[in-house]
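Before anything else, here's the structure in question.
The values are calculated or read from the model by the stated rules, or taken from the named source; none is laboratory data. All figures in this text were calculated on a predicted structure; none of them were measured in a lab. Glycine also receives a Cβ, built like all others from the backbone with ideal geometry; neighbour counts cover every protein chain displayed. Remember, those area values only see protein heavy atoms, side chains included, never the ligands or the DNA or RNA. Shrake-Rupley method; radii C 1.70, N 1.55, O 1.52, S 1.80 Å.
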Amino acid sequence: KIPKMGPRPDHINDPSYDPKTIDLPGLQLLGERQEKFLQNWTEDWTGAGMKAVLSQTAFCGAVHMHGGRNERLLADLDCNGWPQTPRNRALEIIRRAWAVHLCGDQHLAVVVKHGIQDFGDGPYGFTSPALVNTIYGRWWHPLDEKPGPNPVKGSPLPWTGDFKDGLGNKISMLAYANPEDISNEKKRADGYGLVRFDKKKRTITFECWPRFSDAKKGGDQQFAGWPITIAMEANDGRKVTGWLPELVFENTTSAVIQVIEEKTGQVLYTVRSQNGKFQPRVYSDGTFAIKVGKDRPDGKTIRGLTPKGKSEAGQQTIRL
């Protein structure tokens with residue numbers, strides 16, 4: 001579909017390369033079946049209070065060096081950050097469930113905040129390190145050796161913040177575990193990730209452990225920059241512009257709420273409430289509909305809601 005622009009068909013090193021020219025109409029990433037599956041999955045909360053999406057790889061190119069310290073690539077097509085349009089579509093669907101994105105395959109542990117239209121408006125993504133990284137090291141190393149805008153405050157890592165990857169995708173780098181010395185078995189930055197879901201607090205904690213760490217010695221031996229804890233709702237990073245009435249459920253503490261923009265019919269998100277209440281947020285003006293149910297948004301529908309300030313939006317009691 002595109003001309004070869006590097007040493008391999010999936011590696012781009014041509015300095016004249018423009019990311020926009022390879023985002024060709026009609027190209028698929030997940031395909032229609034998987035996209036439909038994801039859409040249905042975001043609406044089915046049977047037995048679930050929090051959600052995560054597992055994928056082969058990262059939906060972005062959060063790597064600069066491939067194979068060696070001086071082997072820099074402009075773009076890597078083998079990261080699922082390309083084709084860019086269906087990549088964004090996949091992340092938009094994942095965001096609808098306020099789900100976190102977990103993957104591997106990149107030989108480099110990172111935590112990013114995916115950007116779709118804007119930096120930080122998508123879900124968080126955690127790429128775990130390779131368990132054994134003896135063959136193919138990778139590094140995050142911006143060419144100018146500077147942090148991006150909005151770097152992580154207090155981070156021990158020098159190159160966090162907002163960046164565009166080699167495919168033009170917006171990513172916010174929170175942490176990366178570069179190999180210290182690929183020739184030293186104990187300094188190749190291999191290891192494993194742990195993800196802890198706190199269902200009461202609705203938080204997610206990413207941990208990243210070196211392969212040769214010894215928990216018996218005590219202390220925190222994780223890679224620099226970890227652990228990282230995020231709120232579940234932060235997996236939808238769109239800017240909140242208004243609030244709909246707070247929903248108070250009479251006969252359940254946990255209902256499923258779906259918010260729809262009426263003008264476009266677009267589903268903004270479908271999530272499960274907690275503690276018998278939920279106040280929907282929206283990201284634009286206009287009117288909105290809310291669908292509620294016990295495990296899917298199939299019980300009641302409220303239409304024609306207009307956003308207000310959080311304290312001015314009032315309450316609405318619902319019995320399912």
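With a probe of 1.4 Å, find how much accessible area the range 197-320 has per residue, and write the answer as a whole number in Å².
In whole numbers, the range 197-320 has 52 Å² accessible per residue.
Students often forget the sequence filter, so: which lysines lie under 17 Å Cα-Cα from K291 once same-chain residues fewer than 8 apart are removed?
K263, K277, K300
If you take every residue apart from Q56 with its C-beta less than 11 Å away from the C-beta of Q56, what net charge results, scoring Lys and Arg +1 and Asp and Glu -1?
It works out to a net charge of -2.
Then there is this: Kindly count the pairs of lysines across the range 1-69 whose alpha carbons are less than 29 Å apart, treating pairs on different chains or eight or more residues apart as eligible.
5
Related question: How much accessible area per residue does the range 127-186 have, counting only protein heavy atoms and a probe of 1.4 Å, in square angstrom?
Value for the range 127-186: 51 Å² per residue.
Would you mind checking the tilt of helix 84-95 against the longest principal axis of the Cα atoms of the chain, expressed as 0 to 90 degrees and rounded to 10?
Taking the Cα atoms of the chain, the angle to 84-95 is about 50 degrees.
Then there's this: For the range 37-196, what does the convex hull of the Cα positions come to per residue, in cubic angstrom?
Normalising the Cα hull of the range 37-196 by residue number yields 122 Å³.
Sticking with this structure for a sec: Search the structure for amide H atoms under 5 Å from the amide H of T203, placed 1.01 Å from N in the peptide plane, and list their residues when 5 or more places away or on another chain.
Close amide H contacts, sequence-distant or interchain: D198, M232.
Determine, from the Cβ-Cβ distance of K20 and T205 and an R0 of 51 Å, the FRET efficiency 1/(1 + (r/R0)^6), rounded to the nearest 0.05.
0.85
Still on this structure: Relative contact order (percent) for the chain, with alpha-carbon contacts under 8 angstrom and 6 or more residues of separation?
Reported relative contact order: 15 percent.
Expressed as an acute angle from 0 to 90° and rounded to the nearest 10, what is the orientation of the C-alpha long axis of helix 31-43 relative to the principal long axis of the chain?
Compared with the principal axis, the helix lies near 50 degrees.
Loop-only check: which trypsin sites (Lys or Arg not before Pro) in the range 244-320 are DSSP coil with at most 11 other Cβ within 10 angstrom?
K263, R319
Find the lysine pairs in the range 134-233 meeting two conditions, Cα atoms under 21 Å apart and a separation of 8 or more places or different chains, and report how many there are.
So the count works out to 8.
Which far-off residues, 5 or more places away or on another chain, put their amide H under 5 Å from the one on E262, with H placed in the peptide plane?
T287, F288, A289
Leaving out ligands, DNA and RNA, and with a 1.4 Å probe, what % of the accessible surface on the range 182-320 is carbon or sulfur?
The computed percentage sits at 46.
Provide Rg over Rh for the range 202-320; use the alpha carbon set for both Rg and the Kirkwood Rh (inverse mean inverse pair distance).
1.16
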